[in-house]
Amino acid sequence: MILLLAVIIASLQMDIDDDTSLDFIWEPASGDPDFYKIYVSVDWGEYVFFGTTPTNSCTIPGEDGRIYRIKVQAAAEDGRVGPMSEESDPVLVALNPIGVELDWLEKGDPVWAIPPRTKLLRNYPNPANPETWIPFQLSKPAQVVITIYDLLGRVVRRIDLGYRLPGYYLSPNRAARWDGRNESGERVSSGIYFYEMAAGRFRKMRRMTVVK
């Protein structure tokens with residue numbers, strides 16, 4: 001008996017209530033395998049053995065901000081194994097606590113995809129009083145820098161977020177955070193400010209209000 005390739009045909013489903021578990025489903029392998037071996041890659045890392053399942057599906061616990069891929073291998077009780085499957089599409093888990101500018105999402109829903117394009121989103125809260133966080137999304141890995149300007153175009157604060165992987169940076173612990181202070185650590189005055197995101201060749205500026 002030859003165990004053939006187990007092909008991934010559906011990446012995941014999800015439950016509501018911010019459940020970040022990933023349900024992977026694949027096409028059953030021919031050759032009547034006894035079980036499947038599951039290998040998981042997190043954040044583009046190496047594949048690590050996760051466990052086995054007698055069915056053509058499995059559930060993997062996910063974490064906010066992590067990217068998951070799996071491979072599957074059909075196996076028999078006598079020790080024979082089939083070839084490793086192709087890897088699944090990458091799946092990113094990101095919680096959207098404020099429902100920012102993502103029309104297909106409700107507030108609190110997880111996001112299960114790599115963004116199709118890079119975007120700078122509306123800061124929250126706006127007006128800032130005085131702190132705010134600045135959500136964004138990346139379609140490609142990039143060095144990300146957020147720069148705050150006053151009405152005269154002078155740099156108020158530069159926030160270097162470093163190298164970031166593709167994904168949605170929406171929640172307070174992942175988005176850029178501005179504490180309402182300038183480079184000297186002083187609170188800025190109330191008024192209109194602008195924030196710009198630079199990520200690779202991407203440049204975008206938006207306006208926000210600060211109140212005290």
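Each reported figure results from applying straightforward, stated rules to the coordinates on display, with no laboratory input. It should be emphasised that the depicted structure is a prediction, and the values quoted were computed from it without experimental measurement. Glycine gets a Cβ as well: all are built from the backbone with ideal geometry, and neighbour counts include every protein chain shown.
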Using a cut-off of under 16 Å, list every residue of segment 146-183 whose amide N is near the label point 7 Å from the Cα of PHE194 along the Cα-to-beta-carbon line. 146-158
With each label point set 7 Å from Cα along the Cα-Cβ vector, what nm distance links ARG187 and ARG117? 3.9
Distance between modelled label sites at ASN126 and ILE159, nm, 7 Å Cα→Cβ extension: 1.3
For GLY45, what is the net charge nearby, where nearby means another residue's Cβ is under 15 Å from its Cβ and Lys, Arg count +1, Asp, Glu -1? -1
Between ASP23 and THR55, with labels modelled 7 Å along Cα→Cβ, what's the label distance in nm to one decimal, could you check? 0.9
Net charge near ARG174 (other residues with Cβ under 10 Å of its Cβ; Lys, Arg +1; Asp, Glu -1) is +1
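I need the chymotrypsin sites (Phe, Trp or Tyr not before Pro) found in segment 22-94, filtered to DSSP loop residues with at most 14 other beta carbons within 10 Å of theirs. Walk me through the numbers on the way to the answer.
On the way: sites: PHE24, TRP26, PHE35, TYR36, TYR39, TRP44, TYR47, PHE49, PHE50, TYR68; in loops: TRP44, TYR47.
Listed in order of number, the matching sites are TRP44.
Could you give the length gained on full extension between GLU86 and VAL48, defined as 0.36 nm per residue of separation minus the Cα-Cα distance, in nm?
Taking 0.36 nm per residue and subtracting the Cα distance, the gain is 12.2 nm.
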Find how many whole Å separate the alpha carbon centroid of segment 44-58 from the alpha carbon centroid of segment 167-196. 40
For segment 114-210: rounded, prolate or oblate by the Cα gyration tensor [a/c cutoff 1.5]: prolate
Pull up the cross-link candidates among the lysines for LYS37, meaning alpha carbon to alpha carbon under 28 Å and not fewer than 8 places away within one chain. LYS71
